[in-house]
Every structure is written in C-alpha cells, then in structure tokens.
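Worksheet for the structure shown next.
The values are calculated or read from the model by the stated rules, or taken from the named source; none is laboratory data. Owing to the predicted nature of the structure, the values given are computational and were not obtained by experimental measurement. Here the Cβ positions follow ideal geometry from the backbone for every residue, glycine too, while neighbour counts run over all protein chains shown.
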Amino acid sequence: MPAMAEKTRIAIVGAGHVAQVAHIPAYRANPDVELVAVVDEDPVKARRIKEQAGFKVWYEDFAEMLKKADVDVIDICTPNYLHAPMAIAALRSGRDVMCEKPLARNATEAQKMVDTAEEHGRILMVAMNNRFREDAQMMQKFINANELGDVHVLKAGWLRRATDWKDRSWFTERGKAGGGALLDLGTPLVDLAIWISGLKKTTGVSCSVFGKKGKDTVEDSGCAMVRFAGGACLMLEVNWNLRDPRDVVYLQVYGSKGAGVLSPLQLHKSIQGVLVNVTPALGKQKNFYKESYQAEIDHFIQCVRKQRTPLVSGKDAVSVMRIVDAMYESASSGREVELAG
C-alpha cells in the first residue's frame, strides 16, 4: 500500500457506461489518484478510453493486467457474472476492490467475495452511490435522531421507461445477469431503504415478478413486500418497461412522528399536534448523480489510503442479496419466504 504522500494507483475493469460516466471522471477529479490501467474485452474501446482518460496502459485480458499492472486498487464495472471471479482474483492478488452493484448474482457468490476479502485483509466496497447523496444522508440523520419516530412503512420504486438492451444484451440473460429489474433496480433501493431507516432484522418477504419471455430470461418488472422485526414493512416496485414518458424514482418513509420523501427531499413532523415542514436547506446541487459518485469514490480512496472500513461494505451487500434471493424464491414458489433476520 502506498505511503500517504503517494498516489493510489487504479485499474478499472470494464469500460462501459457506468465506468465512463461516473467512475473515471470521479477518479480523475481526486488528487490522490493515479489512473494506471483500463481493461475491456473490446480492445478498440480499451485503447480509446486509455487515450481519452489518461490511463498509462490498456489491457484486453483481466488476468494479464493482474500479473503485469502496478496498481493498488481494482474497480470492477463488468457484467454481473464477472463480479465474483474478478473480485476474488483481485483480492487474492493483494489489491483492494470497488465493485459495482449488485455485488454478485446471488448471496452465495457475494459471501465468497466477503470471505476472500477478510481472509486476505483487503477492502471490498460496493458502489451504492445513493448513500452518498446529500438529501439521502440528511434524511438518514433525521431518522437516526428519532425525529420521525418509529419507522412503520417504507415505499420505494424505480420505474424506467421501456428501452432496447441491445448494447447490453447480457442484462436479459439469466446466467450472466443473475436476475432482471428486481436485482438491477431493487438491490440499490433495498440497500438505501434499510440504511436510511435503520431497520435491520428481516422476518419475511413476498414477491411477484412479470415480463419473463422464457426460462433463461429475466423479469422486466416486479413488486415485493419486506417485513421487519417489530412489524415495519418495505413495499417495493421496479420496472424496466414503464409505458410512460418519464422515469420514476422515489423513496417514502412514514414514522410515528412524521414522514420523509425523496426526491426532492421533504421532511414533515408533528410538533404539539401541528404538522410542520422541517426540511433543511441543502447546498445547491448541480447533479445529484454525479456528485454522489464523486463523494463515493473520494470516500473509497480515503478508506484505501487509511485502511478503514467503507460505508458500504461487502457484508452490507450480502444482507441485501439475501433479501433479494428471498424475493426470487417467493416469486417462484408463490408464497411468503421467512427469513431469520
């Protein structure tokens, strides 16, 4: 690991959309980072990104990069089926790892990644950038301070307009993706809802999925209810095939003393029998998406340089993956699946 005065050397694996739009610009803006290697199975793309972003070298082969590149950190932005094997190999090589969401195709794969990180004393962080949004962090602080009372109900949804997946055809292949809209959109929503609310012990999951075209394809939409110890529940809806001109993303929290909504952020609570708007003034945001990724990458780099546990650990992701696994089990069986916390 480099001394604090040296820069942290980065390799990015998978030069697709999220790497180009979010990860690479955030690393370039961090003064403690040196972009060393970019890896992509498409050599034309790898070479182009290397030149555009200022990487030192490019590789077509991940294993070759592991052996030859002088890097401290490996950032994985590949399709889901490659997350576990690549992260495990990177961790075993002595590198810290950032992995895009979902951490893996299922909880079993995710647990193997976490076990490998612990075995080799490395950091494994999951790219749940929504936790780094200023509005989400403000809501979490209010709930953590009991300003909204006991959380009773959460409602979360991510509904995307119908689109063509030709540029990312693996999204619809079960073997490569692991799941459809529920895994892709539901995983970050479940993580955000649990983190914001502080609810931990899951007791049961009910779920239905829709839009599968065949045995080896994935769902394009789904709905679920997650029950927590004490009776609180999360109602979730996701959709890749929304017949509407606009995408819809929301999170609503209802407590015994008040309620909160994202986004835009709104917080209301009952004070002496009167409902009062207690929404704090936030700093002027240019782009929540961009700024959350910058904050996430900056946090990760500091965790690497100081060897601290990240805000979004692999263990957190395993817990969420178990809930999502239970959703698929419920959808397949047509019954509620009980969980032991």
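Listing for the model above:
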quantity: Enumeration of residues in region 267-305 that are modelled with pLDDT of 95 or more, within 25 Å of residue 125 (Cα to Cα) and among the basic types (Lys, Arg); calculated: 305
quantity: Strands (runs of 3 or more DSSP E) contained entirely in region 197-301, each with at least 1 residues that are without any contact (Cβ under 8 Å) to a residue 24 or more places away in the chain and assigned by TED's automatic domain parsing to the domain that holds residue 169; calculated: 202-210, 221-228, 258-262, 266-271, 274-277
quantity: Residue within region 120-132 that is farther than 18 Å from residue 75 by Cα and either out of contact with any helix residue (DSSP H, G or I) (no Cβ under 7 Å at 6 or more places or on another chain) or part of a loop (DSSP other than H, G, I, E, B) (or both) present; calculated: no
quantity: Boolean, residue 159 is in contact with a strand residue (DSSP E or B) (Cβ under 6 Å, 6 or more places away or on another chain) and part of a helix (DSSP H, G or I); calculated: no
quantity: Total residues in region 314-341, condition out of contact with any strand residue (DSSP E or B) (no Cβ under 7 Å at 6 or more places or on another chain) and outside any helix (DSSP H, G or I); calculated: 3
